[in-house]
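What follows is calculated from the coordinates using simple rules that are stated; it is not laboratory data. Since the model is a prediction, treat every value here as computed from it, not as a measurement. Neighbour counts run over all protein chains shown; Cβ positions are idealised from the backbone, glycine included.
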Amino acid sequence: MTGALEVRGLSAGVDGKEILDGLDLVVSFGEVHALMGPNGSGKSTLCHVLTGKAGYRVSGQASLEGEDLLALEVDQRSRLGLLQSFQYPTEVRGVSLRDFMIEAAEERGLSEGEALSRIETEAARFDMTRFLDRSLNNDLSGGEKKRSEIFQIAVLRPRMALLDEIDSGLDIDAVKQVARAVEEMRAPDLGVLMITHYNRILRYVTPDRIHVMIDGRIVDSGGAELAEELEAGGYKAIRERLGLIETSSEPARRPADFFTDTPFDVK
Amino acid sequence: MTAFDQQYLSQITTSTTPAWRRSQMEGAYRVFTALDEPTGAEEDWRYVEFDHTFAELEPVAQAGAPLESGPFVASLPERSGHVLIVDGQVLEHHSDVATVLRLNDLDADPGFPALVPVDHNKLTAAHAAFSTDGVSVEVTPGTVMDTPLVVEVQGSIPGTVSFPHLRVRVGEDAEASVLVAYRSADGARLLMVPKIDLEVGDGGRLRFLSVQGIDHAATSVVHQRATLGRDSTSRIGEIGLGGRLGRLDLGVSLVGDGSSSEVVGLYFGEGDQTLDYRMVIDHQGRSTTSDVFLKGAVEDDAQSVFTGLLRIEKDAARTSTFETNRNLVLSENAKAHSVPNLEILCNDVICGHASSVGPLESEHLYYLRSRGLTLERAERLLIRGFFQEVIDRLPIGGLEEPVSQEVFRRFITAQAEGRVA
């Protein structure tokens, strides 16, 4: 299928542990989808595997506009049009957000002038102007980091945006702001997959389709009624309706190294 | 071949040399003969191979022709004076602001304490015994040097050892700005043993930057000491690029209450270079603050060494001190040693250190690449960013561009030739 992100039978594991278990998912350009699931269901792993993070054993298929994603390097996937907003964007001292965006835009064939003007425009729109000349993600609040991620997507204009836990750790005003940004991103040539643990952001964004992910698979897909069911009874209600047995409640392994300034600190 | 012996010593102590100076040199000579060249077994020479012996080196008879200034000095927009020391001999010295005196005048002033002990090692003893020339920069109380005095220290004659000597005295409430640029002749295997004494009076401010850009065939062992008076400030910068062995042995003594010291530096080793930093920050007065911030990279077979001791003396209450040393190891055979240390004899202090050794961080590379930057481009951006933090803090402005370019050039050349992993 063209004009879509298409995932078929995607399985992935790390350290001998299976996380994704034959996942199927199609997100067409022009649509906003929400992927919901409890902690440990594999939502972030799906993002990482699609983006191309090293360290996962991966099988199955994933394509963007018919191009095989899994055969490509991280940066090739990005230039093809896949862009993830990170749950924990890493801090990079000494590299300014502006310089980073100029380089990334140049990789997409923009001239420096075009890049700069787009950066200015989008920074004004997402209230990021004062962060442009600061070190990347350094000393940003949780909400500012999410905004920075969305700003980057706006500058780089992907075909498919993966928004990993775009609302986690945010107060309600920040959630509303992020939701507004997601609604503003809607465009005929852009697909959005919004990954979230909580349904509260769905009060402010209306996705075209909602998917529920449990134990590494999409167990149900639907419209607004799924969000209502979750709101009322949580994942437990969905499990019961589908006859799914609760397995290990062990939370997902968090990539703790995202937090550290440097993993080699001797203190 | 002239040897560093008694006969040579007699030759350089002339009839006009004051008696006290002669006896100082003879005393130092005895220490010199009693000590051996560093072998690497000594604690403060660990990891380092010092591959010169005085037996195979000659003193300088006559200074060679000055070398070109090089890109760093050339890029400085303004200067307030110029000192040129070639092969240990002072060829030029003038300043619009400070009083610049030549050695023989130093001889007349035994009041200035030797900040590096003569018996620190064989090289400091050699310096005390054989150094016969040098420059003293005096900034009188209340005087402010807006633009830097440029001190070029050069080595030009293969097979020689030279003993350049510079001291800077910043008077009360005065401000000095000094740039020292080290260079040596292309391909010349020689040894430079500069001695730098920095004395900052009460309320004085010193900005001092050295750019060590000697040829990769040469060795430089700099002994640099600073002593700080009450409420004085010293900002010392170091850019380490050159030398088969480039070593800086730095001591900062915060003697006066309320004094503060900042040491920032960057180094980038390539080929088979060793860049070696030994620092002791000694807090003696009360309410003193210090910060050491050093970042370096090594590629090919190069290695770097950082040992940094923060010593807080018994009476140094309300000391605040920190040191940071970050190292990027870019090739499989490159090595970085980083050994921060604390010696705390007083309990009313805030102190800490951070040290790291490793490759470019994979999380950083992943993040940058996820935005479409190729691996090579992401690496280049990270290298720039890594050093930018130091470049932003250099105590003397105007050198940002050539420093950044040189560091970057080393990396991209190695990257293009596949020498970095």
- Task: Give the percent of DSSP beta bridges with both residues in the protein assembly as shown that are antiparallel, rounded to the nearest 5.
- Result: 20 percent
- From the backbone phi of segment B:79-93, what are the Karplus-calculated ³J(HN,Hα) couplings (6.51 cos²θ - 1.76 cosθ + 1.60, θ = phi - 60°) in whole Hz, Gly and Pro given as x? 9, 10, x, 8, 10, 10, 10, 10, 6, x, 9, 7, 9, 9, 7
- Message: Placing +1 on the Cβ of each Lys and Arg and -1 on the Cβ of each Asp and Glu in segment B:6-361, which of B:Phe72, B:Gln224, B:Leu248 has its Cα farthest towards the positive end of the resulting dipole?
- Response: B:Gln224
- Enter the mean number of other protein chain beta carbons within 10 Å of the beta carbon of each residue in A:88-98, as an integer. 5
- Note on the structure: In degrees, nearest 10, the alpha-carbon axis of helix B:375-391 is tilted away from the dominant principal axis of the alpha carbons of chain B by 40 degrees
- So who's got an amide H within less than 5 Å of the one on B:Gly269, skipping anything under 5 residues away but keeping other chains? H placed 1.01 Å off N, in plane. B:Ala297, B:Val298, B:Glu299
- Query: Add -39500 (n - 2.57) for each DSSP H run of 4 or more in chain A, then divide by its residues: what number comes out at 222 nm, to the nearest 500 deg cm²/dmol?
  - Reply: -10500 deg cm²/dmol
- Message: Can you say what percent of the DSSP beta bridges in segment B:6-361, counting only those with both residues inside, are antiparallel? Round to 5.
- Response: 5 percent
- Compactness check, segment A:4-61: C-alpha Rg relative to the 2.2 N^0.38 Å globular estimate gives 1.12
- Task: Provide the convex hull volume over Cα atoms per residue for the protein assembly as shown, in Å³.
- Result: 175 Å³
- Item | Folded to 0 to 90 degrees: helix B:400-416 orientation relative to chain B principal axis, Cα | 60 degrees
- Message: Quick query: amide H of B:Ala336 versus all other amide H atoms, modeled in the peptide plane; which residues come in under 5 Å with a sequence gap of 5 or more or a different chain?
- Response: B:Ser304
- Query: Around B:Ala354, which amide H atoms from residues at least 5 apart in sequence, or from another chain, sit under 5 Å from its own amide H, with H modelled in the peptide plane?
  - Reply: B:Glu323, B:Thr324, B:Asn325
- Item | FRET efficiency, 1/(1 + (r/R0)^6) with R0 51 Å, evaluated for B:Thr413 and A:Ala224 via beta carbons | 0.30
- Task: Give the total of Lys-Lys pairs in the protein assembly as shown with Cα-Cα distances below 16 Å; include a pair only if its members are 8 or more places apart or on different chains.
- Result: 6
- What Kirkwood hydrodynamic radius, in Å, does segment B:211-287 give when the mean of 1/r is taken over all pairs of distinct Cα atoms and then inverted? 13.2 Å
- Query: Angle between the Cα long axis of helix A:97-107 and the longest principal axis of chain A, 0 to 90 degrees, nearest 10?
  - Reply: 80 degrees
- Mean projected area in nm² (Cα convex hull; one quarter of hull surface) for segment B:190-240: 3.4 nm²
- Query: Sorted by packing (mean other beta-carbon atoms within 10 Å per residue), highest first, where do A:61-74, A:25-38 land?
  - Reply: A:25-38, A:61-74
- extent check for segment B:6-361: Cα max minus min per principal axis, descending, whole Å, gives 54, 50, 45
- Query: Under 19 Å from a point 7 Å along the Cα-to-Cβ line of A:Asp127: which residues of segment A:199-221 have their amide N that close?
  - Reply: A:201, A:204-205
